[in-house]
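To start, the structure under review is shown below, and the notes come after it.
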Amino acid sequence: MQYIDSLERAALRGVCLAIGSFDGLHRGHRHLLEKMTRAAQEDGAPAVVLTFFPHPRVVLGQPSAPPFRYLIPLEERLRLLGEFPLDAVIVQPFTTGFSTTPASEFLSTLKTRLGLRSLWCGPNFSLGKGREGNVAYLTEKSVALGFSLYVVPPLVDSAGPIASSRIRQALTAGDVIQAAELLGRGFAVSGTVVHGQGRGRSLGFPTANLDLWPELAVPGYGIYAGWVYLAGRRFAGATSIGVRPTFANGTAHEATVETHILDFDGDIYGASLQLEFVARLREEIRFPNTDALRAQMMKDVARTRLILQEAS
C-alpha cells in the first residue's frame, strides 16, 4: 500500500475512491471500504482512500465547544487501513485554507490527480466548502465529469446507524462493551509508562501510569477490567481512570490512566504499553481511608480475573 501525504502529490489513474476522516475505523467504515475494495478488485482498478488530518472538527470547531477527541491516532488509522486491499492511502492535511475549496475545484482535483473512476460514500456524505458537494450535487456532477457514484446505505443496529459519535458517547458513559460492539474490536489506548506518585505500590497494587496523546478519547472515570499488551505479551489488568478522589479529594491531581498488571512485577518505565478495555467494574469513588480503598482494590482485582477468564 502506497502512502501519499497530500492530494497534490498524488499521480494515480482510474481509481475507486472512498473519502472520509475514518476516525476509529469502526464497523460502519469497514462496511463501506469492503464494498469499495471488492468492486475495485472485480474491475481491476486501484482502490484508494483519501482521509484527513487533523479532523475537520479540530480545525473548524467552535471555541466554546468541548475539545474534539480522536478515537484512534493517525498511525493506528493507517495501520487499520492497511488491513484492506488498498493500493494507496492519501492523508490530506486539513487546514482552514483547504476547507474553503469549492466542491467543483475539489472534484476537478480528484479527476486530475486520481483519474477518478468511481466515488464511494454514505448518504450523508458531502465535500467542498460549506458541504456543498452533497449526494445530489455529486450525482449531477458524476455524469458531467465521467465517474460513477455509489451511495452505500449505512450499517445499522437496533439504535440506528453505526457512527463515531455513538462510540464517543459510549466511552463518555464508560460503556466499553457498547464501544467495542460498534468498533468491531475492543477499544484500546496506547502510551508510554511514566513515573507516578507511587500510591498504588504503597497500597500493595503497583500501577503503570500511562502518558497518552492528550487529544485521544478515553473512557469515563471509573475502574475497568482489560488486557495489557506489553513487549508482545498479554496480561490481565485492572485500570483506573480518574483523579484518585481518596487522596486530597482528588483536587490535587490531574486525571490519570493507570493500570495494575496482574501477576507481573518489573521495571517498565519508558516502555510502550497498550490497554484494551473489556468491562467497567465500577465508578470512581472516594473512600474514607486507605484501608477501605485497599479492600476494594482486592475485590476489583478478583473481579478482573473472573471477567477476563470468561473473555479468554
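For the residues Arg166, Arg185, the requirement of being assigned to a helix (DSSP H, G or I) and within 13 Å of the chain's Cα centre (by Cα) singles out Arg166. Taking the range 230-257 as the search range and keeping residues that are of a type in the set (Gly, Ala, Ser) and in a loop (DSSP other than H, G, I, E, B), which one is modelled with the lowest pLDDT? So, considering only residues that are of a type in the set (Gly, Ala, Ser) and in a loop (DSSP other than H, G, I, E, B), the one modelled with the lowest pLDDT is Ala252.
The set of residues in the range 258-274 that are in contact with a Ser or Thr (Cβ under 8 Å, 6 or more places away or on another chain), assigned to a loop (DSSP other than H, G, I, E, B) and not aliphatic (A, V, I, L, M) contains only Gly270.
Please count how many residues of the range 95-113 are farther than 11 Å from Leu145 by Cβ and either among the charged types (D, E, K, R) or in contact with a Lys or Arg (Cβ under 8 Å, 6 or more places away or on another chain) (or both). Counting residues in the range 95-113 that are farther than 11 Å from Leu145 by Cβ and either among the charged types (D, E, K, R) or in contact with a Lys or Arg (Cβ under 8 Å, 6 or more places away or on another chain) (or both) gives 7.
If the condition is being closer than 24 Å to Asp175 by Cβ and of a type outside the set (Asp, Glu), then the range 262-286 contributes Leu262, Leu273, Gln274, Leu275, Phe277, Val278, Ala279, Arg280, Leu281, Arg282, Ile285, Arg286. Scanning the range 275-299 for residues that are of a type in the set (A, V, I, L, M, F, W, C), surrounded by 15 or more Cβ atoms within 10 Å (Cβ to Cβ) and outside any loop (DSSP other than H, G, I, E, B) yields a count of 7. For Arg9, are the conditions met, namely being exposed (fewer than 15 other Cβ atoms within 10 Å of the Cβ), farther than 21 Å from Pro85 by Cβ and either assigned by TED's automatic domain parsing to the domain that holds Leu127 or in contact with a Phe, Trp or Tyr (Cβ under 6 Å, 6 or more places away or on another chain) (or both)? For Arg9, the condition - exposed (fewer than 15 other Cβ atoms within 10 Å of the Cβ), farther than 21 Å from Pro85 by Cβ and either assigned by TED's automatic domain parsing to the domain that holds Leu127 or in contact with a Phe, Trp or Tyr (Cβ under 6 Å, 6 or more places away or on another chain) (or both) - is met. Scanning the range 118-153 for residues that are more than 29 Å from the chain's Cα centre (by Cα) and either part of a helix (DSSP H, G or I) or surrounded by fewer than 20 Cβ atoms within 10 Å (Cβ to Cβ) (or both) yields a count of 11.
The values are calculated or read from the model by the stated rules, or taken from the named source; none is laboratory data. No experiment lies behind these values; they were computed from the predicted model shown. Reconstructed Cβ throughout: ideal geometry from the backbone, glycine too, with neighbour counts over all protein chains shown.
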